[in-house]
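Trainee: Structure in structure tokens, see below.
Please treat every number below as a calculation from the coordinates, not as lab data. Bear in mind the structure is a predicted one, so any value in this text is a computation, not a measurement. Backbone-built Cβ (ideal geometry, glycine too); neighbour counts: all protein chains shown.
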Amino acid sequence: MKAVATTIVIIALIFIGASFYLMTHIDQSLSNPRYPNQQDTSQQNSQSNFPTQFSNIPSCGTSKMFFSFPPVTLDKIVDLAPLGQLSPPDHVFPAPHNYFYVIDYEHPQDVNAPVYAPGNMTLTQIGLRHYNTLGQKTDYIDYTLFFSVCDKFDFYYHHVTTLTYQPFIDAAQDILKKCNFSKDRNEDFCSGAVNIPVKAGEQIGTTGDLKAGVYGLDMGARDYRLSTGRNAFVNPDKICGIGKNPYSHCYTVCAFDYFTDDIKRQLKFSTNIGTIVRTEEPVCGSVYYDVKDTAQGIWFGPNVATTFSPESNNLFLGPDNVQPSVKVFSVGMSISSLPAGKYEFNPTNSGLVNRDFRNVTSDGKIYCYETSQQAVIILQLTTLTTLKIERQNISNCGVGPWSFTSSATDFTR
């Protein structure tokens, strides 16, 4: 986790090539395919309408046991990352899904791992992500699949490289006929609503494509019954959007919490190919790290109206997803003095140096941080909802005091 270059490769999950916004950056996951300048040729033109709710979707009731079949054969999993992966500038905020790696990046061999329906559910949307070039492949498409398990529980996969279930293949071909992918942008996306039931254990596709740089699969879930699904965030209106929206971070749950115990017992959430295993509960990770009236959590860059794409204008201050005792500056593109990336430190509970974000309040003080990436950063909570941050051109914090220059950047909640 401390080897920064290696970590960036791993975190980038899966894509060597383009980023959603910066076409030269390693991509992460398709947490929100509707970016500015990318079109959706489906009739689902409002994010709040995703996914379509069909009358054949059963009621969830109070059930928390939906899945009885592993999404990928467990012996095919090289690494399984917990929720909350940070991989700026694309995933500045904690990623709201788990990552499955089926190709070992240290000893890469091509793998096409079968992907299964983990439970009885209904496919409600197919998204097609098109790349003019991805790795060594051209004119490349992979798939995002959205399912409704019941009326208040949605489930999805990103980075399904091929479809194998014939009803899904037929539906995707119909959607593809309506797509008009850009020749100018390397990435583009279109989607369409469908209504296709599938049974637990049915193979629906594959993941993994070494030549394309696709090293695995994303899996996410939203439980709209979760009482803290919105109010766990300081500014839920900005983060959640309107209505039932699996592209937002709100109502995120660990999908594995809804699997049978025999599957859960076999899981290990880690990174660096299992060298660092998460042991702190919840071991599947979390995205809920906002702490009101402190520096910890999600912060929005200048003129950002919503978290919906791109995250690269924003900032997150909080725990690492595998080692929560390590705290992280997850920095996008808005801080002129600090390049995008992860900046880590071991927190203290007193003083002004490396103070835990949870203890930083609007007390009028400037706090200084010495990160393992050799960047010295100062910050101040100027009000309960505004934060100022800047990199200092010094090798260590010393004893202070520290002061901001005109290059400092302000963030808000």
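Trainee: What FRET efficiency would be calculated for the residue pair Asn56, Ser227, taking the C-beta separation as r and a Förster radius of 25 Å, to the nearest 0.05? Don't skip to the answer; put the middle values down first.
Mentor: On the way: r = 27 Å, r/R0 = 1.08.
According to the calculation, E is roughly 0.40.
Trainee: What list do you get for Glu187, Glu202, Glu281 if you sort them by fewest beta carbons within 10 Å? Mind dumping the intermediate values first?
Mentor: Values: Glu187 25, Glu202 16, Glu281 8.
Lowest count first: Glu281, Glu202, Glu187.
Trainee: Give, rounded to the nearest 20 debye, the magnitude of the charge dipole that the chain has about its Cα centre when Lys and Arg contribute +1 at Cβ and Asp and Glu contribute -1 at Cβ. Write out the running numbers ahead of the final one.
Mentor: On the way: 31 positive and 37 negative charges, 125 e Å.
The calculated dipole for the chain is roughly 600 debye.
Trainee: Next question, about the same structure. What's the exposure ranking of Lys178, Lys183, going from fewest to most Cβ atoms within 10 Å?
Mentor: Values: Lys178 12, Lys183 8.
Sorted ascending by nearby Cβ count, the order is Lys183, Lys178.
Trainee: Within segment 188-226, whose backbone N sits under 18 Å from a point 7 Å along Cα→Cβ of Asp139?
Mentor: Counting backbone N atoms under 18 Å from the label point, the list is 188-190, 212.
Trainee: Glu202 label point, 7 Å along Cα→Cβ, cut-off 16 Å on backbone N: hits in segment 138-179?
Mentor: Taking a point 7 Å out along Cα→Cβ of Glu202, the residues of segment 138-179 whose backbone N falls under 16 Å are 145-150, 155-157, 163-173.
Trainee: So which residue, out of Thr385, Thr164, Thr275, gets the largest mean-square fluctuation from a GNM of the chain using Cα contacts under 10 Å as springs?
Mentor: Thr275
Trainee: At a Cα cut-off below 18 Å, give the lysines reachable from Lys244, other chains included and same-chain residues fewer than 8 away excluded.
Mentor: Result set, ordered by chain and number: Lys152.
Trainee: Follow-up question, since we're still on this one. Would you mind calculating the gained length between Ile242 and Lys183 on full extension (0.36 nm times residue separation, minus the Cα-Cα distance), in nm to one decimal?
Mentor: On the way: separation 59, 0.36 × 59 = 21.24 nm, distance 3.22 nm.
Extra length from Ile242 to Lys183 when fully extended: 18.0 nm.
Trainee: Just grab the label-to-label distance for Ser395 and Thr162, each label 7 Å out from Cα along the Cβ direction, in nm (one decimal).
Mentor: Spacing of the two 7 Å Cα→Cβ label points: 5.6 nm.
Trainee: Which of [x] 4, 19, 26, 21, 16, 10, 3, 0; [y] 5, 23, 33, 25, 11, 3, 0; [z] 4, 15, 17, 12, 10, 11, 11, 9, 5, 3, 1, 1, 0 is the computed P(r) over Cα pairs in 10 Å bins from 0, in percent for the structure on display?
Mentor: The listed entry that was calculated here is [y].
Trainee: Express the relative contact order of the chain as a whole percentage, based on alpha carbon pairs under 8 Å and six or more residues apart in sequence. Numbers along the way, then the final one.
Mentor: Working: 1043 pairs, mean separation 72.6, N = 413.
With pairs under 8 Å counted, the relative contact order is 18 percent.
Trainee: Hey, another quick one. Can you give the local net charge around Ile378? Use residues other than it whose beta-carbon is closer than 9 angstrom to its beta-carbon, Lys and Arg +1, Asp and Glu -1.
Mentor: Numbers: positive: Lys388, Arg391; negative: Glu390.
That works out to +1.
Trainee: Summing Lys, Arg as +1 and Asp, Glu as -1, what charge do residues with Cβ under 14 Å from the Cβ of Ile196 carry, Ile196 excluded? Mind dumping the intermediate values first?
Mentor: Values: positive: Lys199; negative: Asp170, Asp174, Glu202.
Once all neighbours under 14 Å are counted, the net charge is -2.
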